[in-house]
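Peer 1: Right, I'll just put the structure down here and ask away after.
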Amino acid sequence: MSFELISAHGCFGGEQRFYKHDSREIGLPMRFGLYLPPQAAQGPVPVLTYLAGLTCNEETFAIKAGAQRFAAQHGIALLMPDTSPRGANAPGEADAWDFGVAAGFYLDATQAPWAKHWRMESYLMAELLPEAAAAFGLDAQRAGLFGHSMGGHGALTLALRHPGRFRSVSAFAPIAAPTRCPWGHKAFSGYLGDDRSTWEAHDASALMAQQKQALFPQGILVDQGLADKFLAEQLHPEAFEAACQAVGQPLTLRRHAGYDHGYYFITSFIADHLAHHAAALNAGR
C-alpha cells in the first residue's frame, strides 16, 4: 500500500504525521494520523490505535488530547484513523451529525446504500492496522485500542470481536450498550437493517456477556464524566459494568463529578490511559 504524507510536525522528540491513501476496503481515499515517538528511530515500537467519536476526524485527537507527550514517555506509537468514509456521495450521508459522514460506528454496513463504502471494521482490522504496522515499523504483536464515545464503542466491540489482536483496551465515555440507546438504534437500523438479532454483535455489553472468560486479565479502563449530558440516555456504562462482573472481566470504571463529554475531560485523564496501555504493551520488555 502507498501512503501519501500530507504533513509532519516535530512533537516531544518524535513526529506527528498525517497521511492519505486509497483504501481497497472502503473504495475511497482515507486519511489517518500517526504519532511516532522518538524510540521508533531505534526499532519497532508498540502501537495504540485511537478511535474518535461522532463528528470527529483523524486530526481531532491529535490536536486536542495532548497524548503525544505521554506516548513519547512510554515509547508508544499512536494511530488515529478517520471516523467514516468521505466523498461517497451516498444519498443522505450528510443529513445528520450522528449518521453517515463522520459517524461510521466502526462496523461493516450490510444495507444499501451504505454497504458499498461503510466498511470501517474491515478497513481497520484487515487493512489499516496491519499495513500501517508493516509500513512504519510498528510492533503489531504489541497493539492496544482505545476511543471516545462512538470510538469507545468501537474500541470495546472490536477488541471483543477480534480476541487476541489487542493486548489492552480502554475507553472514554463509550456508547456501551448501543442496542439500548437512540444513537445505536439510528445507526444500527440504517447500517444493519431492522433485524435486531444482528445488532448485538456490535454491542459491547452484549458481547461481554457472551464471554466465557476474561479476555483482558490485566483489566479494562473506562472513564465517565458525571456531568456528561449524554450519560443517562446514550451511554449506559452500568450495562457494561454488569456484564464484566458477570463473566469475571476485571474492569476499572471511574466516574468523575463535574466532567462532561468533551476533550477537556479526555485531556484530564489521558495520562492514565497511556499508562494503562503501556503496562500491557511494554510488559516483559
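Peer 1: Need the failing condition index for GLY164 against (1) within 12 Å of the chain's Cα centre (by Cα); (2) at positive phi; (3) not β-branched (Val, Ile, Thr), just the number.
Peer 2: Failing condition for GLY164: (1).
Peer 1: Being within 12 Å of the chain's Cα centre (by Cα) and within 18 Å of GLY104 (Cβ to Cβ) is the filter; apply it to the stretch 43-55 and report the residue that is surrounded by the most Cβ atoms within 10 Å (Cβ to Cβ).
Peer 2: LEU51
Peer 1: Can you give me the ranges of the strands (runs of 3 or more DSSP E) entirely in the stretch 1-66 with at least 3 residues that are in contact (Cβ under 8 Å) with a residue 24 or more places away in the chain and not aliphatic (A, V, I, L, M)?
Peer 2: Strands (runs of 3 or more DSSP E) meeting the threshold: 14-22, 29-36, 45-51.
Peer 1: Among the candidates ALA227, ALA187, ALA242, ALA246, which residue alone is closer than 23 Å to VAL101 by Cα and either open to solvent by less than 40 Å² (accessible area, probe 1.4 Å) or out of contact with any strand residue (DSSP E or B) (no Cβ under 8 Å at 6 or more places or on another chain) (or both)?
Peer 2: ALA187
Quick grid of which residues meet (1) open to solvent by less than 20 Å² (accessible area, probe 1.4 Å); (2) small (Gly, Ala, Ser); (3) out of contact with any Lys or Arg (no Cβ under 6 Å at 6 or more places or on another chain):
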residue	(1), (2), (3)
SER84	yes, yes, yes
GLU93	no, no, yes
TRP97	no, no, yes
GLY100	yes, yes, yes
MET125	yes, no, yes
ALA132	yes, yes, yes
GLY137	no, yes, yes
GLY154	yes, yes, yes
LEU160	yes, no, yes
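Peer 1: Let me spell it out: the conditions are (1) over 17 Å from the mean Cα position of the chain (by Cα); (2) within 23 Å of CYS56 (Cα to Cα), and GLN210 meets all of them except one. Which number is the exception?
Peer 2: It is condition (2) that GLN210 fails.
Peer 1: Which number in (1) open to solvent by 50 Å² or more (accessible area, probe 1.4 Å); (2) under 17 Å from ASN282 (Cβ atoms) marks the one condition that ALA40 misses?
Peer 2: All conditions are met except number (1).
The values are calculated or read from the model by the stated rules, or taken from the named source; none is laboratory data. Treat the numbers as computed from the prediction; the structure is a model and nothing was measured. FYI the Cβ positions are ideal-geometry reconstructions off the backbone, even for glycines, and counts take in every protein chain you see. The accessibility values were calculated without ligands, DNA or RNA, using every heavy atom of the protein model including side chains. Shrake-Rupley method; radii C 1.70, N 1.55, O 1.52, S 1.80 Å.
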